[in-house]
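Peer 1: One structure coming up, written as structure tokens, with questions to follow.
Each reported figure results from applying straightforward, stated rules to the coordinates on display, with no laboratory input. What you see is a predicted model; the values in this text were computed from it and never measured. Note that we place each Cβ from the backbone using ideal geometry, even for glycine, and neighbour counts take in every protein chain shown.
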Amino acid sequence: MTDAKTAFRPSPWFVMVTALFITALLVSNIIAVKLVTIAGHTLFAAIIIFPVSYIFGDILTEVYGYRQARRVIWLGFFCNLVAVLAIWGGGLLPPAPGERQEAVSGAYQLVLGYTPRLLVASFTAYLVGEFSNAAILSRMKLLTRGRWLWTRTIGSTIVGEGLDSAVFGTLALAGVVPGAVLREVILVQWLAKVSYEVLATPLTYAIVAYLKRREGLDAYDRDVSLSPVSLLR
């Protein structure tokens, strides 16, 4: 058992988990443009990897504590911002001469182009969902005295992914699709993401147990502020 306010030195394992968290986030934002049909329901292609960011977010909070998870969440936000700015800048550059390059430029804008509304929806949903997920898992760990990990990973995901789906769907699609369609989209996305977390529970258990053993850490967030904007407390 480790107090989450003790001095922390990032290890190679922490760096690896952080890298996987951010990779899942960035890749999901790129492939989300494709819509897929699964069991008669329309989903974003990002469903195959976006829930992974929540799994690694759970691992970060469970093993290293809320303070470290908070730093990683903000790091992911700024990495995503850099990616968006780079993609936007690339889109502004004039294409090379030739029909093929004109076609490539059009496809680039179609696949990677972002509208301001979608960007606001994506960034807001990410922050609300990830911070809710981390905060709930942190407090549930104290309440359960570190027992029943599955209740924390699934419980925090139900809230975090629910808020993420609701915020993104509302900000991105409200007024664009009928209300009934919007509610269905939000509900289906939410259930799919939570199901992903439930199915991945054995893997989460294995990774958490391995990291706690290798790192000698099991953080408990006693007297740790859950404020998303505090990078020091």
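Peer 1: What's log10 of I(q)/I(0) for the stretch 147-217 at q = 0.12, 0.15, 0.25 Å⁻¹, Debye sum over Cα points only, no solvent?
Peer 2: Each listed q corresponds, in turn, to -0.44, -0.59, -1.03.
Peer 1: Work out the charge dipole of the chain with +1 on the Cβ of Lys and Arg and -1 on the Cβ of Asp and Glu about the Cα centre, then indicate which of Ile154, Val177, Phe8 is farthest towards its positive end.
Peer 2: Phe8
Peer 1: In deg cm²/dmol and to the nearest 500, what is the mean residue ellipticity at 222 nm of the chain if only DSSP H runs of at least 4 residues count, each as -39500 (n - 2.57), divided by the residue total? Could the numbers behind the result be given before it?
Peer 2: On the way: 8 runs with 160 residues, N = 233.
Rounded to the nearest 500, it is -23500 deg cm²/dmol.
Peer 1: Quick one, can you get me the convex hull of the C-alpha atoms of the stretch 37-103 expressed as volume per residue in Å³?
Peer 2: Working: hull volume 8.8 nm³, N = 67.
That works out to 131 Å³ per residue.
Peer 1: How big is the charge dipole of the chain about its Cα centre, in debye rounded to the nearest 20, if each Lys and Arg gets +1 on its Cβ and each Asp and Glu gets -1 on its Cβ? It would help to have the intermediate numbers written out before the result.
Peer 2: On the way: 20 positive and 14 negative charges, 142 e Å.
Approximately 680 debye in magnitude.
Peer 1: While we're here: Once you keep just the Cα pairs under 8 angstrom separated by 6 or more residues, what percentage relative contact order results for the chain?
Peer 2: The normalised contact order for the chain reaches 30 percent.
Peer 1: Moving on to the next point. Count the lysine pairs in the chain whose Cα atoms sit under 19 Å apart, keeping only pairs 8 or more residues apart in sequence or on different chains. Mind dumping the intermediate values first?
Peer 2: Values: Lys5/Lys141; Lys5/Lys212; Lys34/Lys193; Lys141/Lys212.
Lysine pairs, 8 or more places apart or on different chains, close enough: 4.
Peer 1: By how many degrees, 0 to 90 and rounded to 10, does the Cα axis of helix 149-173 deviate from the longest principal axis of the chain?
Peer 2: Relative to the chain, helix 149-173 is tipped by roughly 30 degrees.
Peer 1: How many angstrom lie between the C-alpha centres of the stretch 73-98 and the stretch 136-179?
Peer 2: First find each Cα centre; the distance between them is then 29 Å.
Peer 1: For a quick protection proxy, order the peptides 90-98, 68-76 by their average other-Cβ count within 10 Å, most packed first. Could the numbers behind the result be given before it?
Peer 2: Working: 90-98: 9.9, 68-76: 21.4.
The peptides rank, most packed first, as 68-76, 90-98.
Peer 1: Per-residue HN-Hα couplings for the stretch 31-48, Karplus 6.51 cos²θ - 1.76 cosθ + 1.60 at θ = phi - 60°, whole Hz, x for Gly and Pro?
Peer 2: So the J values, rounded to whole Hz, are 8, 5, 5, 8, 9, 10, 10, 10, 6, x, 10, 8, 10, 7, 4, 5, 4, 6.
Peer 1: Still on this model: For the chain, build the charge dipole from Cβ charges (+1 Lys, Arg; -1 Asp, Glu) around the Cα centre, then report which of Ser225, Phe168, Val84 sits farthest towards its positive end.
Peer 2: Ser225
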